[in-house]
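All remarks here apply to the structure that follows.
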Amino acid sequence: MPPQLRLSMLGSLQIEINEAEQSKVLLAKGQAMLCYLALMGGMHSRNALAGLLWRDMDEAFALRNLRVNLSKVRKLCGAYMHIERRALGMDESANVWL
């Protein structure tokens, strides 16, 4: 069986990869981004995600924060994601359980 990413969102978020707890690896915004992408499906522009997560910041600062958080999300869950220069989303063929 291929590695599985499990996101348990009832109560506090639990992130598991192959039954190994990973929740403490990501900051709150990284967790929010991962959950949003998993729930919404499809590809999302980086500008839209930055605006959603850092709506009270200047666009340049919001995009910088997105890059920082995406770097951490990519290290943890990159195998389950489809990441392009201007957009990203969960890989629909990946083994993800919500």
Quiz item: Can you tell me which residue in the stretch 6-37 is surrounded by the most Cβ atoms within 10 Å (Cβ to Cβ), limited to those that are assigned to a loop (DSSP other than H, G, I, E, B) and at negative phi?
Solution: 26
Practice problem: Can you tell me which residue within the stretch 70-94, out of those that are of a type in the set (Gly, Ala, Ser) and free of Cβ contacts under 8 Å to residues at least 40 places away in the same chain, is surrounded by the fewest Cβ atoms within 10 Å (Cβ to Cβ)? | Solution: 93
Self-check item: Enumeration of residues in the stretch 41-61 that are among the charged types (D, E, K, R) and open to solvent by less than 80 Å² (accessible area, probe 1.4 Å)
Solution: 46
Self-check item: Lone unmet requirement of (1) of a type in the set (Lys, Arg); (2) in contact (Cβ under 8 Å) with a residue 40 or more places away in the chain; (3) open to solvent by 80 Å² or more (accessible area, probe 1.4 Å) for residue 67
Solution: (2)
Practice problem: Count, please, the residues in the stretch 40-98 that happen to be of a type in the set (Lys, Arg) and on the phi > 0 side of the Ramachandran plot. | Solution: 0
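The values are calculated or read from the model by the stated rules, or taken from the named source; none is laboratory data. Everything numeric in this text was worked out from a predicted model, so none of it was measured. Cβ sites come from the backbone with ideal geometry, for glycine too, and all protein chains shown count toward neighbours. To get the accessible areas, we keep the full protein, side chains included, count just its heavy atoms, and leave off ligands, DNA and RNA. Shrake-Rupley method; radii C 1.70, N 1.55, O 1.52, S 1.80 Å.
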